[in-house]
Amino acid sequence: MSRAGAALIASFALFACDRCGGSGVAELLGRDGTVERSTAAAATTWEIAPVGQRFELGDAVRTGDASTAQLRVGARGGVRMQPRTVLRFLGERPEAPSAVRLETGEVELDSAEDLVFETERGSVTLQAGARVRARTGDAARVEVIAGRVVFEEDGVARTAEAGDAVVLAVGRVVFEDDSTFGAPPEPAVEPTPTEAVAAVEAPVAVEEAVEEDEPIEASDPGTPGVQVTPSPERAHVTIPAGESPVIHDASAPTAVRIDFGAACPGRGIVTIRAGRRPVRYAGEGGAIVTIPTGRARYAIDCAEGNDPRGGTITVRRDDGSSRLDPVPPRNVVDTDGRTYDVLYQNALPILTVRWRESGSGNALLHVASNGRERTVAASSGRVELRSGELSEGTHRLWFTSSGRTSPQTTLRIRFDNAAPAASLREPGRAASLAPGQAVRVAGVVLDGFEVRAEGEPLAIDAQMRFAGEVRVPTTTDALAVRFSHPRRGVHYYLRRVAAR
């Protein structure tokens with residue numbers, strides 16, 4: 001899979017649909033704007049595709065600027081293509097199921113039967129009845145709208161549900177739990193008195209088989225009766241108690257030191273919930289805990305003083321070098337009574353809003369946002385809104401024309417929480433860092449973020465580039481670059497220190 005654009009491959013059982021006939025695997029049900037087709041025999045030649053066009057294995061379909069298409073794929077599957085999107089229907093191996101590959105752009109898919117997105121090193125399976133939105137890029141992204149998606153990460157089957165996202169990074173499949181990014185921390189997970197003070201499970205004997213998420217525990221000498229897991233000797237990054245960061249670490253799992261702060265100067269117990277049962281760590285003034293990829297909740301119980309606030313830690317296995325999208329996304333929204341979710345990264349989207357049944361006369365687009373309503377003149381029931389004309393948030397859209405009114409449509413514009421907050425160019429992932437070494441830290445960050453490397457602020461220029469020189473830490477085993485935003489939370493990008 002190339003770094004410039006990770007293609008998605010959706011494997012279907014592509015049975016000939018009732019109206020496709022013959023060996024057809026898909027049919028164009030509707031189009032708006034320019035929709036073209038190429039055949040397996042002439043893959044580089046494109047011609048206009050009319051409604052009703054049938055597609056054979058090896059054919060491709062693409063949409064032009066501000067153009068959309070709706071297709072039936074297989075017996076009951078549906079695909080909605082956004083502008084500048086290319087789909088190709090594959091049948092390369094006789095022994096394998098046929099497939100649909102999203103080569104570029106964005107689609108929304110409904111899976112009446114199980115559907116598989118394949119990458120070079122893993123797969124993402126949509127269960128029957130699921131609906132997802134998928135798009136390509138430096139790291140292709142699959143957002144679950146309805147139903148469930150099952151995928152494999154580090155040899156373990158995991159499930160993503162509505163509201164979750166899966167990122168198909170270069171050669172990897174990564175679960176992106178974005179609920180903590182840009183949202184207030186969840187309430188702390190308070191250990192029960194039994195959990196915090198007394199042993200709730202017998203120690204696991206060394207000779208017994210231990211499951212991956214059930215580490216061996218021992219009695220904490222500082223808190224009699226409490227069973228704790230030995231901490232790693234050194235941490236990769238330190239966070240203050242109560243912070244809920246996203247940590248980008250290409251070599252995760254990550255050792256995180258949670259600093260208890262002045263409210264808990266003595267010994268404390270940290271309870272981590274990321275698997276089937278809680279795992280506890282102990283320490284004086286702080287504790288080093290191991291966080292796997294995914295999301296973990298933590299709570300702190302102090303022997304003396306006040307218990308600091310807990311939070312969540314999300315670890316993503318990536319090197320933080322993904323390219324930031326420099327241009328606003330383009331999306332088409334129909335006033336058909338549905339709810340549309342449009343995600344953006346660096347710039348708010350360019351939107352084409354249309355009413356298919358408006359006719360040829362003039363119309364007015366009504367936009368209701370934050371308790372206010374405004375109108376925009378529309379020619380033939382179509383309006384293009386520039387990037388920034390609609391802000392982040394929820395909007396209601398509808399048209400009126402000659403006494404007729406379109407259905408009201410809800411549009412939700414959201415920051416893409418699975419998108420990178422920054423691109424860390426220096427030091428590179430392969431850099432050999434030695435403790436105390438002076439290194440240059442440089443990259444690009446999204447607007448509104450502050451950047452610090454090992455506590456030192458880094459200047460950001462008008463092009464959102466940051467750069468500075470810092471010392472590789474001697475007390476932790478990774479150089480940490482911290483990106484913080486008042487509404488979108490905190491990200492740490494790590495570069496591991498060479499083995500000591």
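Every number here is computed from the coordinates shown, using simple stated rules; none is lab data. Since this is a predicted model, take the numbers as computed values, not measurements. With ideal geometry, Cβ positions are generated from the backbone for all residues, glycine too; neighbour counts draw on all protein chains shown.
Couple of notes before you dig in:
- Per residue, the convex hull spanned by the Cα atoms of the stretch 422-496 measures out at 78 cubic angstrom.
- Per-residue ³J(HN,Hα) for the stretch 352-362, Karplus 6.51 cos²θ - 1.76 cosθ + 1.60, θ = phi - 60°, Hz, x for Gly and Pro: 9, 9, 9, 10, 5, 9, 6, x, 8, x, 6
- Local electrostatic count, ARG330, Cβ distance below 10 Å [Lys/Arg +1, Asp/Glu -1]: -2
- Across the stretch 327-338, computed HN-Hα scalar couplings (Karplus, 6.51 cos²θ - 1.76 cosθ + 1.60, θ = phi - 60°) run 10, x, x, 10, 9, 10, 10, 9, 7, 10, x, 7 Hz from first to last residue, x flagging Gly and Pro.
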